[in-house]
1. For residues that are closer than 22 Å to residue 34 by Cβ and surrounded by 15 or more Cβ atoms within 10 Å (Cβ to Cβ), tally how many sit in the range 225-239.
2. Looking at residue 11 and the list (1) at pLDDT 95 or above; (2) within 19 Å of the chain's Cα centre (by Cα); (3) surrounded by fewer than 20 Cβ atoms within 10 Å (Cβ to Cβ), which single condition is not satisfied?
3. Contact list please: Cβ distance under 6 Å, first residue in the range 162-185 and farther than 16 Å from residue 239 by Cα, second residue at pLDDT below 90 and not in a helix (DSSP H, G or I), pairs at least six apart or on different chains.
4. Report yes if residue 124 is surrounded by 17 or more Cβ atoms within 10 Å (Cβ to Cβ) and under 15 Å from the mean Cα position of the chain (by Cα), otherwise no.
5. Condition test on residue 108, is it in contact (Cβ under 8 Å) with a residue 40 or more places away in the chain, crowded, with 17+ Cβ neighbours inside 10 Å, closer than 19 Å to residue 205 by Cβ and over 20 Å from the mean Cα position of the chain (by Cα)?
6. In the range 33-76, which residues are without any contact (Cβ under 8 Å) to a residue 24 or more places away in the chain and surrounded by 14 or more Cβ atoms within 10 Å (Cβ to Cβ)?
7. Check the range 260-281 and report whether any residue there is without any contact (Cβ under 8 Å) to a residue 24 or more places away in the chain, out of contact with any helix residue (DSSP H, G or I) (no Cβ under 7 Å at 6 or more places or on another chain), closer than 28 Å to residue 81 by Cβ and exposed (fewer than 14 other Cβ atoms within 10 Å of the Cβ).
8. Taking residue 251 as the residue in question, decide whether it is part of a helix (DSSP H, G or I) and closer than 16 Å to residue 165 by Cβ.
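The values are calculated or read from the model by the stated rules, or taken from the named source; none is laboratory data. What you see is a predicted model, and the numbers here were worked out from it, not measured in a lab. Backbone-built Cβ (ideal geometry, glycine too); neighbour counts: all protein chains shown.
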C-alpha cells in the first residue's frame, strides 16, 4: 500500500458512516411519506447514535462487547479495502467474519429473543452469502480477476451481467432486512421479536452495531455502483434507485417465511447466475 492508498483508506473510513447515516435518514423520511406521515428529520439516525453513545454502558457479558467491536472492525476494514480497490473476494470474507461474530454475540446471551433472532440471522446469511459468491463468479468470468481494479476497468458490467445485478440487488434487500426479509430484526412495529438479534445490545454498544450497519449498507451500494464504473456518478444513482425500490417493496409487502426466503433466494440466485453466464459463454463475452 502506498501513502495515497492509506489516505484513501482513511477518508473512506471517515466519510462512509456519514453517508450511511444520511441514507438511513432518507430511508426513514421516504418511508414516512409513503405511509402518509411527516416522519423524523433526515439527521435523526445521527441524533440516535449520539444519544446511544451518551448512555450508560450496560452489558450481558464481556463476549458481547468483543463481538460488537469485531463486527464494527470488519465493516470498517471491508469498506477501506474496497476504497483502495483490493481483492473483492477478500473483502466479502472480511465482512462475513464480522457477521459471524455479530450472531455469536447474540447467542452468547440467555435472552430467547436474542437467540431466536440470531438463529434467524443465520438463516438469512445462508440465503444471501451464496448469492454473493454467485455475484463474484460472474464478475470473475467477465474481468478474469477478483481484483476490484480489474473488475472496475471493465466499465459497464451492467450490460454483460444484468441478471447478476438483480441477484446483488436481492442480496441488498435481504442484508438490510427490508420486507419481505425482515426476520432477525426489524424497524417495523409488527416484529414479534422486539428487536430480535439486537435485544440485548444497548447504549454505546448498540451504537457500534448501528454504525457498522451503515458501513455495510454503503459497501453493498458501492458494489452495485461498480456495475457502471465507467461513470461512478451514474453508478451511484443506479444503486440509489435500487435502494429506493427496496424501500417501496418494504412498504407494500408483508414478511414471508424463512423457508420461502431460502427457496426464493437460491432459485433466483442459481437460475439467474447460470442464465447470465450461459449468455456470456455463447456470446463469447469474457476477458
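1. 2
2. With (1) at pLDDT 95 or above; (2) within 19 Å of the chain's Cα centre (by Cα); (3) surrounded by fewer than 20 Cβ atoms within 10 Å (Cβ to Cβ) applied to residue 11, the lone miss is (2).
3. As it stands, the answer is 179/253; 179/255; 180/253; 180/255; 180/256; 182/255; 185/195, since those pairs meet every condition given.
4. yes
5. It is true that residue 108 is in contact (Cβ under 8 Å) with a residue 40 or more places away in the chain, crowded, with 17+ Cβ neighbours inside 10 Å, closer than 19 Å to residue 205 by Cβ and over 20 Å from the mean Cα position of the chain (by Cα).
6. 39, 40, 42, 44
7. So far as the range 260-281 goes, no, none of its residues is without any contact (Cβ under 8 Å) to a residue 24 or more places away in the chain, out of contact with any helix residue (DSSP H, G or I) (no Cβ under 7 Å at 6 or more places or on another chain), closer than 28 Å to residue 81 by Cβ and exposed (fewer than 14 other Cβ atoms within 10 Å of the Cβ).
8. Against the criterion (part of a helix (DSSP H, G or I) and closer than 16 Å to residue 165 by Cβ), residue 251 does not qualify.
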